[in-house]
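Enquirer: I'd like to ask some things about the structure below.
The values are calculated or read from the model by the stated rules, or taken from the named source; none is laboratory data. This structure is a prediction, so every number in the text was calculated from the model and none was measured. Positions of Cβ are backbone-derived with ideal geometry, glycine not excepted, and every protein chain shown enters the neighbour counts. The accessibility values were calculated without ligands, DNA or RNA, using every heavy atom of the protein model including side chains. Shrake-Rupley method; radii C 1.70, N 1.55, O 1.52, S 1.80 Å.
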Amino acid sequence: MLVLHANQEQRQVFNDLIQEINKQVVWSGRFILMGDRLILEGFVRSLCFHYDIRQAEVKLFDLPVEDEEGLDVRNYKGLEDLIAMTVFVFHKWGILTGVDAQEDVAELERLFGEILGTYRIDLVFTAEKLEFYQAGIRITYEDVADAMIAYEKKANPQTAVKDSVLRLPAVRTESSGAEEDGKRAKAETAAPDPERDSQAVAQRIEKYHARIGVLSRLSLWQKKSLLRDIRNDRLLNAQEKEQLCLPVQEHECREKMRQIEEELKVAAHATYAHVQTMIRKIEKEELFEKTKQTALEKLQECRIQYGMQEVREIMEQAPPHMEREEYKELMEKLAPYEALDLEEYKQPLDKMRETLEIKEISNMLMQSPKKCRGDYIQLLKCIEEQNFARENAAPYVDQILNRIAEFDKARLKKLLSNVNAMDFETAASLYEMIAQESFLPKLRAGAHIVVSRRLEEISLRECGNFVKMLKNNMDPVLRENPRHYFILWNKC
């Protein structure tokens, strides 16, 4: 376990992040590194970033750390970069959504690699994982920090890390985001600033136009750098930035649509499944909103077009007369297309299923033995196991239940034929027998009512006899007293 005391910038940024994730955390200003976890120690609850499972959670930690323990992160520039990595990484993993970071995953992996290379540490960073390696061996986030500390303690003036590389990005909180946007827009769209150097503005715009003029020759990294420079340029106002960003946006949109068209020209790619993959890829890409919307609209059209064509081919190849197993195979082929509107095929498919299932149930009824109650129970079980459509199986299930009811009624009639002449023990045994034997629930309940009435009748008669006997035994001994009552009660 490693304890670090945050610097002022880290306190500001991470407190803003806490406001975004869980306002109940009151941070002490200390980082605790444990394995692949970075913990923002709170006075009650702590915020934990899990690198191994890509999650952030608030938990009650019982951390055995004394107040005076820990290192000052300001004394180790590499640790400032390592802490800053957490913000960028968990933003790219979709957990810290309020972070203003424009770099993509590949760009960050290159940058992280340059930082860690000083300490002879390698890493693999993707949208699914972040792993650290030292001499080819997998190490934890805490191990990276220990390696940085060891290196910087031994470094001489020539090899020492003089400054951190990463700068913590801004965090948009609920309270500040809207106000800052409003103030910025108002300031930038206000009347021209008389103190602004118009010649410097013109020269700056001209330089940007020169870079925009060769967009087709710029790498993805260079295009992102151009956009970042424009957006962060304090010399330009909002309108000038928008006008400069517009051609970059249009170029991106044209390039993305060209890439889509080129990919779909390949016959193997012009399929419903491949277009679904392309859609998921576009949804994850960092693109202008207009580019993403235009691309997704195009791909959605292709998805429907290719999907409906493939469904038509599947239905045309289906044999006009098929067995139930063949019908199951047909439905499995159609399962991937459930997101499409297949209403035109619903009625014929339902009719096909009805015909096949009724035929199969009829065959089961004809081929199954039907001599005793057990045969019908087994037949009912077989029908239930086949997962027939309820509406198709219901008429046959009702017929089978009616036949089972006939067997149960006959059996119960025989058992209850002499119930009114039974003594208490015999009736109680019969009640238990009915509970143990297999009967339809409704018929069993009716039989239990009949036997219960007989048991109640016997019990009441015995109670009456006990009262008569008690009165007769007390007559010679006790005189009549108005406070003594003997009530003989007969059930009406």
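Enquirer: Out of Arg54, Arg45, I need the residue that is at pLDDT below 90, within 19 Å of Ile21 (Cβ to Cβ) and surrounded by 14 or more Cβ atoms within 10 Å (Cβ to Cβ). Which one? Talk me through it step by step, then tell me what you get.
Expert: On the way: Arg54 fails: at pLDDT below 90.
Result of the check over Arg54, Arg45: Arg45.
Enquirer: Look through Leu460, Leu443, Leu379 and report the one residue that is assigned to a helix (DSSP H, G or I), on the phi < 0 side of the Ramachandran plot and open to solvent by less than 40 Å² (accessible area, probe 1.4 Å).
Expert: Working: Leu460 fails: open to solvent by less than 40 Å² (accessible area, probe 1.4 Å); Leu443 fails: open to solvent by less than 40 Å² (accessible area, probe 1.4 Å).
Unique residue meeting the criteria: Leu379.
Enquirer: Please tell me if Gln347 is under 24 Å from Pro395 (Cα atoms) and not β-branched (Val, Ile, Thr). Before the answer, list the steps.
Expert: Numbers: under 24 Å from Pro395 (Cα atoms): yes; not β-branched (Val, Ile, Thr): yes.
So Gln347 fits the description; yes.
Enquirer: Which helices (runs of 4 or more DSSP H) sit wholly inside the stretch 238-330 and have at least 2 residues that are at pLDDT below 90 and open to solvent by less than 80 Å² (accessible area, probe 1.4 Å)? Don't jump to the end; show me each part of the working.
Expert: Details: elements: 238-265, 272-284, 289-317.
Counting at least 2 such residues, we get 238-265, 289-317.
Enquirer: Additional query: Tell me yes or no: at least one residue of the stretch 104-120 is within 12 Å of Tyr51 (Cα to Cα), of a type in the set (Lys, Arg) and surrounded by fewer than 21 Cβ atoms within 10 Å (Cβ to Cβ). Don't jump to the end; show me each part of the working.
Expert: To start, the set of residues in the stretch 104-120 that are within 12 Å of Tyr51 (Cα to Cα) comprises none.
Looking for residues that are within 12 Å of Tyr51 (Cα to Cα), of a type in the set (Lys, Arg) and surrounded by fewer than 21 Cβ atoms within 10 Å (Cβ to Cβ), one finds none in the stretch 104-120, hence no.
Enquirer: Do any strands (runs of 3 or more DSSP E) lying entirely in the stretch 109-162 carry at least 1 residues that are in contact (Cβ under 8 Å) with a residue 60 or more places away in the chain and of a type in the set (A, V, I, L, M, F, W, C), and which ones are they? Full working, then the answer.
Expert: Numbers: elements: 122-125, 130-134, 137-139.
Result: 130-134.
Enquirer: May I pose another question? Can you tell me which residues in the stretch 205-230 are surrounded by 13 or more Cβ atoms within 10 Å (Cβ to Cβ) and touching a residue at least 60 places away in the same chain (Cβ under 8 Å)?
Expert: Hits for the stretch 205-230 are Trp221, Lys224, Leu227.
Enquirer: Residues being under 10 Å from Ala447 (Cα atoms), open to solvent by 30 Å² or more (accessible area, probe 1.4 Å) and part of a helix (DSSP H, G or I): count how many of those fall in the stretch 412-435.
Expert: 3
Enquirer: Something else about it: Is it true that Arg324 is of a type outside the set (Asp, Glu) and over 16 Å from Asn392 (Cα atoms)? Talk me through it step by step, then tell me what you get.
Expert: Working: of a type outside the set (Asp, Glu): yes; over 16 Å from Asn392 (Cα atoms): no.
Here the answer is no, as Arg324 does not meet what is asked.
Enquirer: Related question: Only one of (1) closer than 28 Å to Glu107 by Cα; (2) open to solvent by 80 Å² or more (accessible area, probe 1.4 Å); (3) modelled with pLDDT under 85; (4) more than 35 Å from the chain's Cα centre (by Cα) fails for Arg172. Which number is that?
Expert: (4)
Enquirer: Specify the residue that is nearest to Ile95 (Cα to Cα); the eligible residues are those in the stretch 7-42 that are open to solvent by less than 10 Å² (accessible area, probe 1.4 Å) and in contact with a His (Cβ under 9 Å, 6 or more places away or on another chain).
Expert: Leu38
Enquirer: Would the stretch 77-91 turn up any residue that is in a loop (DSSP other than H, G, I, E, B) and either modelled with pLDDT of 90 or more or hydroxyl-bearing (Ser, Thr, Tyr) (or both)? Before the answer, list the steps.
Expert: Of all residues in the stretch 77-91, those in a loop (DSSP other than H, G, I, E, B) come to none.
Within the stretch 77-91, not a single residue is in a loop (DSSP other than H, G, I, E, B) and either modelled with pLDDT of 90 or more or hydroxyl-bearing (Ser, Thr, Tyr) (or both).
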